[in-house]
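The values are calculated or read from the model by the stated rules, or taken from the named source; none is laboratory data. Bear in mind that the values here come from a model prediction, so they are computed numbers and not experimental data. Cβ: placed from backbone, ideal geometry, glycine included. Neighbour counts: every protein chain shown.
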Amino acid sequence: MMNNIVSYTRIVVRRKYHFGPQSKLMNICFVSDLFDSSYGGVPVVMDRFIRSLVERGHKVTIFTSKGNGKKSVEKKENCTVYRFSSFTLPKSEGEYALSFPSFRRIRRIFEAEGIDVLHCHVPSFLSIACVLEA
């Protein structure tokens, strides 16, 4: 049953957005507290996906947690990374931090960047806030 749903979704998306040489370039926002972490597979998947989208000319914006003295806004390999205040979870060896975002800041960034697609990787306070503001 699940394979049928995935295949159907793929067809609908291709027809709606006309992927190909004349497709519209989009601004895609990825949301994950695990970006720039070595904790789990999410950072690896995000990195590969983001590189592929940037190579195709799409603009990528990333929302993630701010940890270990990193800048709040950073340009990184044709992407803009926005970091939100967070705290590191105990026993994660500094690799996993949860963000506590400002709804006002999220709204301002959405408007300034002109986000077309929001992609949340892990359910978190940051993901929920972004979905509510989208």
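A few notes on this one:
- When the residues of segment 90-119 are filtered to those that are at pLDDT 80 or above and of a type in the set (G, A, S), the one that is surrounded by the most Cβ atoms within 10 Å (Cβ to Cβ) is S99.
- Checked against the criterion of being assigned to a helix (DSSP H, G or I), closer than 23 Å to D116 by Cβ and at pLDDT 75 or above, segment 55-67 has at least one qualifying residue.
- Of all residues making up segment 75-89, the number that are exposed (fewer than 14 other Cβ atoms within 10 Å of the Cβ) and over 19 Å from C130 (Cα atoms): 3
- Counting only strands (runs of 3 or more DSSP E) that sit wholly inside segment 74-133, those with at least 3 residues that are under 24 Å from R56 (Cβ atoms) are 79-84, 117-120.
- Condition check for V122: surrounded by fewer than 18 Cβ atoms within 10 Å (Cβ to Cβ), at pLDDT below 85, under 16 Å from the mean Cα position of the chain (by Cα) and among the β-branched types (V, I, T): yes
- Search result, residues across segment 60-89 that are closer than 15 Å to V31 by Cβ and basic (K, R): K66, R83
- For the criterion of being modelled with pLDDT of 65 or more and in a helix (DSSP H, G or I), P43 passes.
- Taking every residue in segment 102-130 that is under 12 Å from C29 (Cβ atoms) and among the acidic types (D, E) and pairing it with any residue that is at pLDDT 90 or above and not in a helix (DSSP H, G or I), at least 6 positions away or on another chain, the pairs with Cβ-Cβ distances below 6 Å are E113/T61.
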